[in-house]
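Chemist: Could you have a look at this structure, given as C-alpha cells, before my questions?
The values are calculated or read from the model by the stated rules, or taken from the named source; none is laboratory data. Quick caveat: nothing in here was measured; it's all calculated off a predicted structure. Heads up, the Cβs are rebuilt from the backbone with ideal geometry, glycines too, and the neighbour counts pull from every protein chain shown. Areas reflect the complete protein model, heavy atoms only, side chains present, ligands, DNA and RNA absent. Shrake-Rupley method; radii C 1.70, N 1.55, O 1.52, S 1.80 Å.
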Amino acid sequence: DAEITQSPRHKITETGRQVTLACHQTWNHNNMFWYRQDLGHGLRLIHYSYGVQDTNKGEVSDGYSVSRSNTEDLPLTLESAASSQTSVYFCASSQTRQGVNNEQFFGPGTRLTVL
Amino acid sequence: EDQVTQSPEALRLQEGESSSLNCSYTVSGLRGLFWYRQDPGKGPEFLFTLYSAGEEKEKERLKATLTKKESFLHITAPKPEDSATYLCAVLGWRALTFGSGTRLQVQP
C-alpha cells in the first residue's frame, strides 16, 4: 500500500546543531508539505513543494530549509537548531488533478526536542 | 490573510448525545474546505472536502456542511471511539490554513 513515512519519529538535539528530518511518500504525489504543530497554534506551514526542484516558503519558514530532488522525498533541515523549534513536525503530500486540489495525506509526525 | 477559527475548543459529550462543531473562515478565493480527525500521537486523518456553499458530505456518524462563511461538522449519536481532535482547514490561493481544532471527548 502507498504511504507516507517520517524519520526519525523522535529526536533530541542540542542548540546550534544541524538537524534533518526525512519525509518519504510512495503515492507519486506532486505536492509535499512540512508543518509544525504546537499547543495553541494548530498546524502551521513551514515549506512546501509543488514538484521536483520547486520549493516555497510557508508561514513560519525562518530557520528551516527544504530541497526537492525527486518526487518521493522532501527533507526538512534546521540549519542551527533553537529551543523555539521544539515541536511536532508533520509531513504531508497531495495530488492536483485537472485543477482540483485534493486532500493532503499526513505522515505520523516527528517529535523534536531542542535542549 | 486567510483565517480559520474553530469552536468550541473542547467539547465533552455523553455517548449518543448529538452535537455540532463550528469552523468559521475568511479566505481569498476558497478552493476547498477540509475536515481532518487527529488522534493523540498521530498525524491528521482526512475526513471530508467541501468545495462550494450548500455542499454536504456524510461518513458514518459525521456530516459536514458548508456555507459562505462557515462549516459545521455534525456528529450524530457519537460513540467513545469518536473521541479525537477535529481540525478544519481552508485552501486559498496559496496554501492550506488550519484552525486550532476542537478536542472532542465522548464518555460512555
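Chemist: Those residues that are assigned to a strand (DSSP E or B), farther than 23 Å from residue B:16 by Cα and more than 10 Å from chain A (Cβ to nearest Cβ), I need them from segment B:80-93; list them, please.
Modeler: B:90
Chemist: Being crowded, with 16+ Cβ neighbours inside 10 Å and more than 14 Å from chain A (Cβ to nearest Cβ) narrows it down to one of B:62, B:96, so name that one.
Modeler: Exactly one of B:62, B:96 is crowded, with 16+ Cβ neighbours inside 10 Å and more than 14 Å from chain A (Cβ to nearest Cβ), namely B:62.
Chemist: Follow-up. Among the residues of segment A:88-113, which ones are open to solvent by less than 50 Å² (accessible area, probe 1.4 Å) and either more than 14 Å from chain B (Cβ to nearest Cβ) or outside any strand (DSSP E or B) (or both)?
Modeler: A:95, A:102, A:103, A:104, A:107, A:108, A:109, A:112, A:113 - these are the residues of segment A:88-113 that are open to solvent by less than 50 Å² (accessible area, probe 1.4 Å) and either more than 14 Å from chain B (Cβ to nearest Cβ) or outside any strand (DSSP E or B) (or both).
Chemist: For residue B:77, are the conditions met, namely being part of a loop (DSSP other than H, G, I, E, B), modelled with pLDDT under 95 and away from chain A (no Cβ under 11 Å)?
Modeler: Details: part of a loop (DSSP other than H, G, I, E, B): yes; modelled with pLDDT under 95: no; away from chain A (no Cβ under 11 Å): yes.
No, not satisfied.
Chemist: Let me confirm something: among B:83, B:19, B:7, B:24, which residue is over 27 Å from residue A:87 (Cβ atoms) and at pLDDT 95 or above?
Modeler: Values: B:83 fails: over 27 Å from residue A:87 (Cβ atoms); B:7 fails: over 27 Å from residue A:87 (Cβ atoms); B:24 fails: over 27 Å from residue A:87 (Cβ atoms).
Unique residue meeting the criteria: B:19.
Chemist: Looking at residue B:69 and the list (1) surrounded by 15 or more Cβ atoms within 10 Å (Cβ to Cβ); (2) in contact (Cβ under 8 Å) with a residue 40 or more places away in the chain, which single condition is not satisfied?
Modeler: For residue B:69, the failing item is (1).
Chemist: Among the residues of segment B:36-48 satisfying the criterion of being farther than 14 Å from residue B:104 by Cα and in a strand (DSSP E or B), which is nearest to the other protein chains (Cβ to nearest Cβ)?
Modeler: Out of the qualifying residues, it is B:46.
Chemist: For segment B:25-59, which residues satisfy the criterion of being surrounded by fewer than 16 Cβ atoms within 10 Å (Cβ to Cβ) and under 15 Å from residue B:6 (Cα atoms)?
Modeler: The answer is B:26, and nothing else.
Chemist: Here's another thing I want to ask about it. All but one of (1) within 11 Å of chain B (Cβ to nearest Cβ); (2) in contact (Cβ under 8 Å) with a residue 40 or more places away in the chain; (3) not aliphatic (A, V, I, L, M) hold for residue A:41; state the number of the condition that does not hold.
Modeler: Of (1) within 11 Å of chain B (Cβ to nearest Cβ); (2) in contact (Cβ under 8 Å) with a residue 40 or more places away in the chain; (3) not aliphatic (A, V, I, L, M), only one is false for residue A:41: (2).
Chemist: Would you be able to tell me the number of residues in segment B:1-21 that are free of Cβ contacts under 8 Å to residues at least 60 places away in the same chain and either surrounded by 15 or more Cβ atoms within 10 Å (Cβ to Cβ) or more than 21 Å from residue A:58 (Cβ to Cβ) (or both)? It would help to see each step written out before you state the result.
Modeler: Step one: filter segment B:1-21 for residues free of Cβ contacts under 8 Å to residues at least 60 places away in the same chain, giving B:1, B:19-20.
When the remaining residues are screened for being either surrounded by 15 or more Cβ atoms within 10 Å (Cβ to Cβ) or more than 21 Å from residue A:58 (Cβ to Cβ) (or both), the result is B:19-20.
Here the count works out to 2.
Chemist: How many residues does segment A:38-54 contain that are in contact with a Lys or Arg (Cβ under 8 Å, 6 or more places away or on another chain) and surrounded by 20 or more Cβ atoms within 10 Å (Cβ to Cβ)? Walk me through it before giving the result.
Modeler: Going through segment A:38-54, the residues in contact with a Lys or Arg (Cβ under 8 Å, 6 or more places away or on another chain) turn out to be A:38, A:43-44, A:46-47, A:49, A:51-54.
Filter once more, so that each one left must be surrounded by 20 or more Cβ atoms within 10 Å (Cβ to Cβ): A:43, A:46-47, A:49.
Looking only at that region, the number is 4.
Chemist: Which residues, counting only those in segment A:55-78, are open to solvent by less than 50 Å² (accessible area, probe 1.4 Å), under 27 Å from residue B:99 (Cβ atoms) and assigned to a strand (DSSP E or B)?
Modeler: A:56, A:64, A:66, A:76, A:78
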